[in-house]
1. Of the residues 45, 3, which single one is touching a residue at least 12 places away in the same chain (Cβ under 8 Å) and either over 27 Å from residue 121 (Cβ atoms) or surrounded by fewer than 19 Cβ atoms within 10 Å (Cβ to Cβ) (or both)?
2. Would you confirm whether or not segment 90-98 contains a residue that is in contact with a helix residue (DSSP H, G or I) (Cβ under 7 Å, 6 or more places away or on another chain) and either modelled with pLDDT under 85 or under 30 Å from residue 173 (Cα atoms) (or both)?
3. Would you check which residues across segment 183-208 are outside any helix (DSSP H, G or I) and exposed (fewer than 14 other Cβ atoms within 10 Å of the Cβ) and list them?
4. Quick one: is residue 212 over 22 Å from residue 31 (Cα atoms), in contact with a strand residue (DSSP E or B) (Cβ under 8 Å, 6 or more places away or on another chain) and at pLDDT 90 or above?
5. Look through 175, 122, 151 and report the one residue that is on the phi < 0 side of the Ramachandran plot, loosely packed, with under 15 Cβ neighbours inside 10 Å and modelled with pLDDT of 75 or more.
6. Being more than 10 Å from residue 93 (Cα to Cα), in contact (Cβ under 8 Å) with a residue 60 or more places away in the chain and not in a loop (DSSP other than H, G, I, E, B) is the filter here; which residues of segment 108-128 pass it?
7. Given the conditions (1) touching a helix residue (DSSP H, G or I) at 6+ places or on another chain (Cβ under 7 Å); (2) at pLDDT 90 or above, report the number of the one that residue 228 does not fulfil.
8. Applying the selection to segment 101-117, what residues are buried (at least 16 other Cβ atoms within 10 Å of the Cβ) and over 15 Å from residue 18 (Cα atoms)?
């Protein structure tokens, strides 16, 4: 029988679904930035030679994500244009949910989901599996899109983005100066109210503007934030 999942239950059953995969695993999520726990589980399944398909829908993969995926020989990653579905399946269960495979969403957002068991919800599972297969068929293999995703905005370009202000740094350079990873800095900026997270993206707040933050767009490097070099985060 189908089960309703709240935020914590969705995260729990997602981990159990990955751990329980013995033949195949399908992960469909528009946004893809995996936390360390999910990466560990997928690395273990890769060692067991489980067939893993990951489909994402936004050209915002970070270089570290790309490099990590390249090392997993049994994980095939595809890009699907206009993807909004979030669906996770193994050979015995399926989760249909609002939760992206995005570490910020897993920690900060309020999510809902439905858990389906193949033995108990056979017809619903079959329909979800067939739709997942259709999405895989219309998606492009990651090997074809790696060059595209390596040239997209935010942290992938931050180290190379031009700076118009001598006294201002991109988020990644400010993070490096502060001894943080870029994502850790973005989280701190969000916690401090200088950024807000809406529609799966960071946005500069009025408080962020008052602190000297600026949002910039460059034709070559895309969108990025710059901050005063003297910015101190509590």
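1. 3
2. No, every residue in segment 90-98 fails to be in contact with a helix residue (DSSP H, G or I) (Cβ under 7 Å, 6 or more places away or on another chain) and either modelled with pLDDT under 85 or under 30 Å from residue 173 (Cα atoms) (or both).
3. If the condition is that a residue be outside any helix (DSSP H, G or I) and exposed (fewer than 14 other Cβ atoms within 10 Å of the Cβ), then 193, 198, 199, 203 are the ones that fit.
4. yes
5. Going through 175, 122, 151 in turn, the sole match is 122.
6. 108, 113, 114, 124
7. (1)
8. Scanning segment 101-117 gives 102, 103, 104, 105, 106, 111, 113, 114.
The values are calculated or read from the model by the stated rules, or taken from the named source; none is laboratory data. Computed from a prediction, not measured in an experiment: that's the story for all the values here. Note that we place each Cβ from the backbone using ideal geometry, even for glycine, and neighbour counts take in every protein chain shown.
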